[in-house]
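The values are calculated or read from the model by the stated rules, or taken from the named source; none is laboratory data. Being a predicted model, the structure only gives us computed values, none of them experimental. Virtual Cβ from ideal backbone geometry, glycine too; neighbours counted across all protein chains shown. Please note that ligands, DNA and RNA were not included when accessible areas were found on the heavy atoms of the full protein model with its side chains. Shrake-Rupley method; radii C 1.70, N 1.55, O 1.52, S 1.80 Å.
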Amino acid sequence: MSTAIVVGAGIGGVTAAVALQRCGWQVTVLERAAELGEVGAGISVWPSAVAVLEELGVKGVEKAAAISKPAGMRKPNGRWVVKAADLGVELPVMIHRAQLHDLITDEFGPGITVRTGYAVTKITQDDTGVTINDDLRADLVVAADGIRSVIRQTLYPEYKGPRYSGYTAYRGIADVQIDDGGGETWGRGQRFGFARLIDGRIYWYATANQSAGQGGDHATVTKELGEWHEPIPTILAGTPPEAVLQNDIHDLSVPLVPFVQGRVLLLGDAAHAMTPNLGRGACSAIEDAGALARHLAGATDLGTALAAYDRERRKATTQLVRRSRGIGRVGQVENRVVCAIRDGLFAFGGKLVSLRRRK
Ligand SMILES: Cc1cc2nc3c(=O)[nH]c(=O)nc-3n(C[C@H](O)[C@H](O)[C@H](O)COP(=O)(O)OP(=O)(O)OC[C@H]3O[C@@H](n4cnc5c(N)ncnc54)[C@H](O)[C@@H]3O)c2cc1C
């Protein structure tokens, strides 16, 4: 039986383990944290990633009950810029990260062994397999060890690595009753977004321009955005301050080439970390795992399957990283005039799309 080691048990790693299991591989998952699981708040799972999870047999990722109120983009005073319904966009499933992680690991069968508290520090390979920490060996290694991947640093010593976007993100969960379809509110160099999770709670996030490492907390967000339109003040007031997360946003803006070296394959943030503006980083990791399963399933030769994975996933994710960075730049503009032009263009674009759809 073919053997694989998956390094990292984030959403990308655990989905890759399920994908390999479905192809009949014996899988060992190595995770440096003491326990399996995800911290964090909510996450958007777009239809293409939901389809992959369904293909892999992961159950329970479904939409929350529809809200009658509109969703879309607003100004800090509450005026609509554009409504999602006018654009005809399909909204993602919103789920707590820990719940998504649990739903995926629920599919772990006897073919998957998990070792927590195991940090990978060394990787070597030859024609017949890959060795981790002079200790474990497998036919294939999937590096799903995140944006600061040790495996990427080892295999690509010249690669520059993560780049700071210029802004930080806050995330929280509020257990409040609100009658609002959600969406994003764009101000000057600040954004706030919220959506209902499938468990009924409200997931929110906010961004602010600042230098890396400056920090910030619930009080910082409340001071800056606490007077924006309702339900933003209600959501912030209903959030336990100690559970607010703050992360400086980085991405791999210089594309990594290739995603595969010999018998080692990079997946998720290790390969193509992107800013969260499209809400697609974890979705892309899930889609990487789906592509891996698809290419391995029909393959007689491992090298051919990995080359097909590399071609498909590099093309798809390079565009997403670039688009996501671009949206962040536009969203974080501070100049009053430029913001007014931006909002006007969005509103005009929304009207055009809406008109075209009605025709
Ligand atoms: C503010 C914010 C909001 C976001 N919102 C969304 C969203 O709504 N939708 C979406 O799709 N994406 C979103 N993302 C992106 C998403 O979080 C990431 O793309 C995704 O979590 C990447 O998953 P991963 O498994 O590749 O890496 P990670 O989640 O980083 O997992 C890597 C794992 O590897 C382990 N590890 C690291 N090094 C080693 C080692 N040497 N040995 C062993 N184990 C190791 C780590 O402990 C970790 O468990 C968001 C990101 C941010 C910052």
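Placing unit charges on each Cβ (+1 for Lys and Arg, -1 for Asp and Glu) gives the chain a dipole about its Cα centre, and among 299, 266, 190 the Cα reaching farthest toward its positive end belongs to 190. Expressed per residue, the C-alpha convex hull volume of segment 1-58 stands at 82 Å³.
What do you get when you divide the Cα radius of gyration of segment 98-203 by 2.2 N^0.38 Å, with N the number of residues? Working shown, then result.
Details: Rg = 20.6 Å, N = 106, 2.2 N^0.38 = 12.9 Å.
So segment 98-203 has a normalised radius of gyration of 1.59.
In degrees, nearest 10, range 0 to 90: what is the angle between the Cα axis of helix 302-331 and the longest Cα principal axis of the chain? Helix 302-331 sits roughly 20 degrees off the main axis of the chain. A P(r) calculated from all alpha carbon pairs of segment 148-236, with 5 Å bins opening at zero, reads 3, 12, 22, 18, 13, 10, 9, 7, 5, 2, 0 percent.
Can you give the accessible area per residue of the chain, in Å², using a 1.4 Å probe? Let's see the in-between values first.
Working: 16710 Å² over 359 residues.
Normalised by residue count, the accessible surface of the chain is 47 Å².
First compute the accessible area of the chain with a 1.4 Å probe, then give the percent of it belonging to carbon and sulfur atoms.
On the way: 8700 of 16710 Å².
Carbon with sulfur: 52 percent of the solvent-accessible area.
Counting only the Cα atoms, segment 181-232 fills a convex hull of 94 Å³ per residue.
Let me test this: with uniform point scatterers at the alpha carbons of segment 166-294, what is the Debye-based log₁₀ I(q)/I(0) at q = 0.13, 0.14, 0.18 1/Å? At q = 0.13, 0.14, 0.18 Å⁻¹ the computed log10 ratios are -0.63, -0.71, -1.00.
Shape analysis of segment 1-122 based on the Cα gyration tensor places the equivalent ellipsoid semi-axes at 36, 17, 11 Å, largest first. Rolling a 1.4 Å probe across all protein chains gives residue 250 an accessible area of roughly 50 Å². A straight Cα-to-Cα reach below 26 Å connects residue 315 with the lysines 160, residues fewer than 8 places away in its own chain not being considered.
If eta is 0.692 mPa s and T is 37 °C, what Stokes-Einstein diffusion coefficient results for the chain, Kirkwood Rh from Cα pairs, in µm²/s? Translational D for this selection: 153 µm²/s.
With 0.36 nm allotted per residue and the present C-alpha distance subtracted, the residue 330-residue 351 stretch has 5.6 nm of extension available. Rounded to whole numbers, the Karplus 3J(HN,Hα) couplings from phi for segment 343-348 are 5, x, 5, 4, 4, 5 Hz, using 6.51 cos²θ - 1.76 cosθ + 1.60 with θ = phi - 60°, and x at Gly and Pro. In a simple Cβ point-charge model (Lys, Arg +1; Asp, Glu -1; nothing else charged), the chain has a dipole of about 1740 debye relative to its Cα centre.
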